[in-house]
1. Tally time: how many residues in the range A:227-283 are surrounded by fewer than 15 Cβ atoms within 10 Å (Cβ to Cβ), of a type in the set (A, V, I, L, M, F, W, C) and over 18 Å from A:GLY52 (Cα atoms)?
2. Among the numbered criteria (1) buried (at least 22 other Cβ atoms within 10 Å of the Cβ); (2) outside any loop (DSSP other than H, G, I, E, B); (3) more than 10 Å from chain B (Cβ to nearest Cβ), which one does A:ARG116 miss?
3. Under 9 Å by Cβ, and 6 or more places apart or on different chains, what pairs join a residue from the range B:57-82 that is farther than 30 Å from B:GLY96 by Cβ and more than 14 Å from every other protein chain (Cβ to nearest Cβ) with one that is assigned to a helix (DSSP H, G or I) and within 16 Å of the ligand (Cβ to nearest atom)?
4. Having 3 or more residues that are more than 27 Å from B:ALA176 (Cα to Cα) and within 14 Å of the ligand (Cβ to nearest atom) is the bar; report the strands (runs of 3 or more DSSP E) wholly within the range B:259-373 that clear it.
5. Pairs, please: C-beta under 6 Å, at least 6 apart or cross-chain, first residue within 14 Å of chain A (Cβ to nearest Cβ) and in the range B:111-140, second more than 14 Å from the ligand (Cβ to nearest atom) and among the charged types (D, E, K, R)?
6. Whether any residue in the range A:57-71 is touching a strand residue (DSSP E or B) at 6+ places or on another chain (Cβ under 9 Å), of a type in the set (A, V, I, L, M, F, W, C), more than 30 Å from B:GLN163 (Cβ to Cβ) and outside any loop (DSSP other than H, G, I, E, B) is what I want to check.
7. For B:TYR189, indicate whether it is more than 15 Å from the ligand (Cβ to nearest atom) and under 20 Å from the mean Cα position of the chain (by Cα).
8. Given the conditions (1) over 18 Å from A:SER225 (Cβ atoms); (2) within 14 Å of chain B (Cβ to nearest Cβ); (3) in contact (Cβ under 8 Å) with a residue 24 or more places away in the chain, which single one is not true for A:SER63?
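The values are calculated or read from the model by the stated rules, or taken from the named source; none is laboratory data. This is a predicted model, so every value here is computed, not measured. Note that we place each Cβ from the backbone using ideal geometry, even for glycine, and neighbour counts take in every protein chain shown.
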Amino acid sequence: MMKRTSLGNNRLNRKFQELSEKNEAALICYVVAGYPNIPTTNEILSSIVKGGADVIEIGIPFSDPIADGPTIQEASYRALLAGVTPEKSLEISKNIRKKYPSLPVVIMTYSNILQRVGFEYFMKKSKECGVDGFILPDMAIEESDKYVMEASELDLATIFLASPNTTPRRLEAILARTSGFVYVVSVYGITGQRRSFEDYSLTAIRNVKQVVGSRMPVAVGFGISSPSHIKPMIRAGADAIIVGSAIVNIIRNLSGNKKKMLQQIEVFVRDLKKACRQNYLLP
Amino acid sequence: MLSNYPVNARFGDYGGRYVPETLVPAIEELERAYDRYKNDTDFRKELRYYLEQYAGRPTPLYFAKNLTEYVGGARIYLKREDLLHGGAHKINNTLGQGLLAKRIGKKRVIAETGAGQHGVATAIAAAVLRLNAEIYMGSKDMKRQRPNLIRMQLLGAAIHPVQSGSRTLKDAINEALRDWITNVQNTYYLIGSAVGPHPYPVIVRDFQSVIGQEIKMQMEQLSNRREHPDAVVACVGGGSNAIGTFYPFVDDSDVSLYGVEAAGKGIKSGKHSATLAAGSHGIIHGMFTYLLQDQFGQVSDTHSISAGLDYPGVGPEHALLKDIKRVNYVNCIDDDAAEAFLLLSRLEGIIPALEPSHAISYAMELAKNMNRNENIVVTLSGRGDKDVDVVQRYLKMKEKKNEKNRKNEKK
Ligand SMILES: Cc1ncc(COP(=O)(O)O)c(C=O)c1O
């Protein structure tokens, strides 16, 4: 198989290296591109960076997001209504790249967005806009040969997901195609803010960490919405925490008061990042 | 041979399995179970028992004498799937998959529905097989197919209205997939058409192939000359009644096959569901296939007078059969389907569902240009009780339009 060291995107790898030297888990923050509009997304991202996020995940809205719950569905729907396109979404990445040259940016979207114009073409365009990798929740490894090959030629990370019911054997197959980091879906379910997690989520993290070892960082996402969720996940082996719907909810709830929204996002992200700094010890 | 597809989960380039990782173990479990039971004597016996004693198979291949005389061309036969319990071909699939769910040991069954026929058929199968059914239905479809909504409730199924997107079949499938991801450990997804991730398109095709197999046998008996029909016609939504009709004939080159899509208000109007006529390559609901979408890959809103054809994708096997030109994919607008609906009702005393009315309409065109000694078989996939309100409203609207036109002419 491909050698891990040659895969993996430099900006992502450097960031994780740097954080592990500081004994910190990474905080990855997700926004829907163009929700509520493109200029505001740019401002939101500035607040997220100020709050201390380590990696930015930009969701390119898709009409039929089957892995997403009501929060991200609604945000995607509104963004599409407002005329947000994949191209405009990539402009957001370009913007980040200018402002924060070393901040990793990954795109989360659905396979059809790439398929429509061709995977290779879309990834080239993304690369030009400073994107570092892709998360495609409906891309199963069986269908991914061309995608992985073309991405690795462009030095773009292909971030695959593992779920609580993924067997160790299948996880190996997933890891063989994954670069940047592996994304553990914390729950049986779709995206959406949760109050609490069951024990099986922590078991899933432990199981994945055990197989992955130090081969690549293990990120955990889906439903995480408070610093109290983060600590046990880090103890179970998470190297990175992904927060999405909880941020999108703040944006929705405060869409009438941008100043307050930006402030609250910054404070929220800072609290999350604080939880990522504590309790993180190298295994 | 075409009947050997799929190969490696694909029909040519089409099909595959584009699903979130959480679903992979369930889909693999389904594939193993299907491989094990499809040729299992007990399974087949039980399925046959329910199909014959409960659902009413075999269905007649009826020579539509009055329609044939009216058109004045080839002889038109109707494959009477409308006579099945529940009123549509959908029960062939729900009994098969229901028995599979039981073998797998999953008692909670979810399904999507557009016209409500698959929802009704799922609710029926769940009741008789002692499973619990929950049905996702777009709120727009709940309004226009209300009789089926009530039937599902009477049959004991729980209904989940779907408010997202276009509030039709596509969105009901999205919601069913989200439910499945969430409850994958105890839930069987009983998909209603030959769509979705592999192996669903195969499973649905195989359970529906009883339609084509019976047509073949019945045609031979009727003709006494081991004759094949000259042409076979079926409507295409997701494509289950069509692939079930076509599959037993795909390697018989003497049989012309016609799949009829819904052209709504006309393909140029953009208000249609003719995926194979106007779609492009895309990934939806776990499969690579033709898709109605915009230049950026966002799935288009579709339209059809019939809720069951109102879908922007199509089964992957149809995508292959289109490319290699084994099947002629044609289409029929709302107005023509409604006219065929009325005509069949009056001429043959059969009220067809609006979905197969598209096929009837096209078959009449086809028959005109064929010889009187040639045979056309049309799959009459369902009965039209569910559509009487829709058609009534349609007629009222049309009457209003005509009046307006008359007034304008006078001026
Ligand atoms: C009577 C009838 N025919 C046809 C269809 C279209 O589905 P398919 O293309 O899978 O046969 C439906 C769908 O609801 C239906 O109810």
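1. The qualifying residues number 2.
2. Result: A:ARG116 fails condition (3) only.
3. Taking only residues 6 or more apart or on different chains, the pairs are B:LEU67/B:LEU344; B:LEU67/B:ILE360; B:LEU67/B:ALA363; B:VAL71/B:ALA363; B:ALA74/B:ALA363.
4. Those strands (runs of 3 or more DSSP E) span B:327-333.
5. These pairs meet every condition: B:TYR136/B:GLU175; B:GLY138/B:ARG167; B:GLY138/B:ASP171.
6. Looking for residues that are touching a strand residue (DSSP E or B) at 6+ places or on another chain (Cβ under 9 Å), of a type in the set (A, V, I, L, M, F, W, C), more than 30 Å from B:GLN163 (Cβ to Cβ) and outside any loop (DSSP other than H, G, I, E, B), one finds none in the range A:57-71, hence no.
7. Values: more than 15 Å from the ligand (Cβ to nearest atom): yes; under 20 Å from the mean Cα position of the chain (by Cα): yes.
Yes.
8. That leaves (3) as the condition not met.
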